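**Q** Got a structure for you, questions after.
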Amino acid sequence: MFNIKNMDNLLILRNGDNYLLYNIEKHVSVLIDEISFLIVKLYIQNNMDLEKLLQNIPDIKKKHAKSLICKLQDINMFNNEINDEILFENHIPSQYYLHLTYRCNLNCSYCYNKDIRNNFIDMPIEEWEIIINKLNGYAKHVVLTGGEPFLYSNIGLLSQMLHNNKIYVEIISNGMLDLCHKYDNVIGNIDRITFSCDNFNDKNQLRLGFCVETLIKNINYIKKNFEKVKIAISSTLYKDNLIDQKKVASYCIDNNIDFRSVLLVPNSPCEMKYLPSVKAYKESLSKGFYDITTKRVHCGAAVNVISIAPNGDVYPCQNLHYDEFKIGNILNTSINTLMKNKVMKFFRKELRVYNIKKCNKCDFKYICGGGCRAATYRLENDILGHPSHMCSYYKENAINRLYNYNKFDLEQIIDNKETINQLLTNTL
């Protein structure tokens, strides 16, 4: 990994025989072969003068070199200007996490709300109706979560209200209740259900009380009876399920189920022991396509998402249900007033990557966005701090995303039959 002289914004990463070009500020990337990289390097050495470059390129390569450079110019690959900062002052989130209950039928070692899940009694459906009416016109995507949301006695009525308002509804469940027949009035009103499953092995299980057979039974029932409901599995990755998680992923592929691997978020520095090594994490990362078209300058808390507790209290995200980050209570406050709260203003302005020390100088800042602020708060005791405990993991994830994202197909531009040695002989 290196930068080219006089091109501070251009990051070069080598991967075998290929090179990845990434303009940090313009947030554009492309994967090219070694011949193409030599052409780019020569172009920059000639002060990005295309005519000078072509004078130093063999005739057989001139057409291809010109096409390559023009394409890269079109996507601003050589643009060294600094963009204006992205602002979120007037942005209203469209995704809302509704914690229907903090009660849960599992005891997960890494649960982020295990210390508060017994603090509240469940709200009556009449109060949730007030909340849903207030969200109408703002919410495009509502996530019903908990605790275990199916433990909320009026989840059927609540899901019906959301369905009637034409809001996309997702449920996050541990899948440990018998959903067959008993919750048809719920499942018929939702668009997606995401089950949490880290492995199919009773050993190395951090989700105490988890039963694979119950989960599979519920999945098969939904697939058979609710074809329009999308099923997904979210799997938390930790050091003891590196192999077992692959079996979950394979099961999802075989059964047309969305699969998402999420690195465990430690609740404190002592829980770092649950994480795999950085090397093992790197090897576990998916090689599938990642869409990183949009710059990520924020973790999403209070910008993309809002979280509502079982008593109506509002927080920046589902991982930050702390008194110091309470925005207000939606039962007695309008959405517009909540959006103007000082906590919202702080998260939207101060928690952008531009303001996070070290992160604001990082080559991968617009892919990582400064990382999860909830994790940073727990591990560094500073919501604005640099995520020193997790930084190496975030970096590997960012590099993997870059490698698996191509702006355009360079093979259509460059004829790679010419040998590298011939090009070297004629240009260096």
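**Q** Return only the number of the condition from (1) at pLDDT below 90; (2) surrounded by 17 or more Cβ atoms within 10 Å (Cβ to Cβ); (3) under 30 Å from residue 123 (Cα atoms) that residue 110 does not satisfy.
**A** Unmet condition: (2).
**Q** Please list, ordered by first then second residue, the pairs with beta carbon atoms under 8 Å, 6 or more apart or interchain, first in the range 332-346 and touching a residue at least 24 places away in the same chain (Cβ under 8 Å), second part of a loop (DSSP other than H, G, I, E, B) and open to solvent by less than 50 Å² (accessible area, probe 1.4 Å).
**A** 338/327; 338/330; 343/302; 343/316; 343/327; 344/302; 344/316; 344/327
**Q** Follow-up question, since we're still on this one. Which of the residues spanning the range 87-107 are open to solvent by 60 Å² or more (accessible area, probe 1.4 Å) and either within 24 Å of the chain's Cα centre (by Cα) or at pLDDT below 80 (or both)?
**A** 87, 89, 90, 91, 107
**Q** Inside the range 296-314, can you point out the residues that are open to solvent by 10 Å² or more (accessible area, probe 1.4 Å) and more than 30 Å from residue 25 (Cβ to Cβ)?
**A** 311, 313
**Q** Can you tell me which condition residue 77 does not meet? The list is (1) within 27 Å of the chain's Cα centre (by Cα); (2) surrounded by fewer than 16 Cβ atoms within 10 Å (Cβ to Cβ); (3) closer than 24 Å to residue 27 by Cα, and all the others hold.
**A** Result: residue 77 fails condition (2) only.
**Q** Can I ask one more? What pairs come up if the first residue lies in the range 384-403 and is in contact (Cβ under 8 Å) with a residue 24 or more places away in the chain and in a helix (DSSP H, G or I), the second is open to solvent by 40 Å² or more (accessible area, probe 1.4 Å) and not aliphatic (A, V, I, L, M), and their beta carbons are under 7 Å apart, counting only those six or more places apart or on different chains?
**A** Short answer, once both residue conditions are applied: 396/282; 401/290; 403/15.
**Q** Among the residues that make up the range 218-229, is at least one of them open to solvent by less than 40 Å² (accessible area, probe 1.4 Å), at pLDDT 95 or above and in contact with a Phe, Trp or Tyr (Cβ under 9 Å, 6 or more places away or on another chain)?
**A** Yes; the residues of the range 218-229 include at least one that is open to solvent by less than 40 Å² (accessible area, probe 1.4 Å), at pLDDT 95 or above and in contact with a Phe, Trp or Tyr (Cβ under 9 Å, 6 or more places away or on another chain).
Yes or no, residue by residue, for (1) outside any strand (DSSP E or B); (2) of a type in the set (A, V, I, L, M); (3) closer than 21 Å to residue 234 by Cα; (4) modelled with pLDDT under 95:
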{"residue": "159", "(1), (2), (3), (4)": "yes, no, no, no"}
{"residue": "186", "(1), (2), (3), (4)": "yes, yes, yes, no"}
{"residue": "193", "(1), (2), (3), (4)": "no, yes, yes, no"}
{"residue": "198", "(1), (2), (3), (4)": "yes, no, yes, yes"}
{"residue": "201", "(1), (2), (3), (4)": "yes, no, yes, yes"}
{"residue": "210", "(1), (2), (3), (4)": "yes, no, yes, yes"}
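**Q** Kindly indicate the residue of the range 170-210 that is touching a helix residue (DSSP H, G or I) at 6+ places or on another chain (Cβ under 9 Å), open to solvent by 20 Å² or more (accessible area, probe 1.4 Å) and among the aliphatic types (A, V, I, L, M) and also farthest from residue 256 (Cα to Cα) among those meeting that condition.
**A** 206
**Q** Another question about this same structure. Go over the candidates 166, 140, 134 one by one and state the one that is without any contact (Cβ under 8 Å) to a residue 24 or more places away in the chain and either within 28 Å of the chain's Cα centre (by Cα) or buried (at least 21 other Cβ atoms within 10 Å of the Cβ) (or both).
**A** 166
**Q** Can you tell me which residue among 35, 12, 24 is under 25 Å from the mean Cα position of the chain (by Cα) and either modelled with pLDDT under 90 or crowded, with 18+ Cβ neighbours inside 10 Å (or both)?
**A** Just a single option satisfies the conditions, and that option is 24.
**Q** Related question: Exactly one of these conditions fails for residue 52: (1) within 19 Å of residue 404 (Cβ to Cβ); (2) surrounded by fewer than 17 Cβ atoms within 10 Å (Cβ to Cβ); (3) out of contact with any strand residue (DSSP E or B) (no Cβ under 6 Å at 6 or more places or on another chain); (4) not small (Gly, Ala, Ser). Give me its number.
**A** Of everything listed in (1) within 19 Å of residue 404 (Cβ to Cβ); (2) surrounded by fewer than 17 Cβ atoms within 10 Å (Cβ to Cβ); (3) out of contact with any strand residue (DSSP E or B) (no Cβ under 6 Å at 6 or more places or on another chain); (4) not small (Gly, Ala, Ser), residue 52 misses just condition (1).
**Q** Does residue 221 fit the bill of being under 29 Å from residue 311 (Cβ atoms), of a type in the set (Ser, Thr, Tyr) and over 23 Å from the mean Cα position of the chain (by Cα)?
**A** For residue 221, the condition - under 29 Å from residue 311 (Cβ atoms), of a type in the set (Ser, Thr, Tyr) and over 23 Å from the mean Cα position of the chain (by Cα) - is not met.
**Q** Can we say residue 166 is of a type outside the set (Ser, Thr, Tyr), outside any loop (DSSP other than H, G, I, E, B) and under 23 Å from residue 335 (Cβ atoms)?
**A** no
**Q** Within the range 145-153, does at least one residue satisfy the condition of being open to solvent by less than 20 Å² (accessible area, probe 1.4 Å), in a loop (DSSP other than H, G, I, E, B), at pLDDT 95 or above and among the hydroxyl-bearing types (Ser, Thr, Tyr)?
**A** So far as the range 145-153 goes, yes, one or more of its residues are open to solvent by less than 20 Å² (accessible area, probe 1.4 Å), in a loop (DSSP other than H, G, I, E, B), at pLDDT 95 or above and among the hydroxyl-bearing types (Ser, Thr, Tyr).
**Q** Regarding residue 314, is this residue without any contact (Cβ under 8 Å) to a residue 60 or more places away in the chain, in contact with a Gly (Cβ under 9 Å, 6 or more places away or on another chain) and either not small (Gly, Ala, Ser) or not in a strand (DSSP E or B) (or both)?
**A** Judged against the criteria, residue 314 is a match.
**Q** Turning to a different aspect of this structure: Tell me, which residue of the range 230-248 that is without any contact (Cβ under 8 Å) to a residue 40 or more places away in the chain and over 19 Å from residue 172 (Cβ atoms) is least open to solvent (accessible area, probe 1.4 Å)?
**A** 240
**Q** Tell me which of these residue 337 doesn't satisfy, since it passes every other one: (1) open to solvent by 70 Å² or more (accessible area, probe 1.4 Å); (2) within 20 Å of the chain's Cα centre (by Cα); (3) modelled with pLDDT of 95 or more.
**A** Looking at each condition in turn, residue 337 falls short on (2).
**Q** Being part of a loop (DSSP other than H, G, I, E, B), aliphatic (A, V, I, L, M) and closer than 15 Å to residue 220 by Cα is the filter here, so list the residues in the range 232-269 that pass it.
**A** Result: 257, single match.
The values are calculated or read from the model by the stated rules, or taken from the named source; none is laboratory data. Bear in mind that the values here come from a model prediction, so they are computed numbers and not experimental data. As a convention, Cβ positions derive from the backbone with ideal geometry for all residues, glycine included, and neighbour counts pool all protein chains shown. Remember, those area values only see protein heavy atoms, side chains included, never the ligands or the DNA or RNA. Shrake-Rupley method; radii C 1.70, N 1.55, O 1.52, S 1.80 Å.
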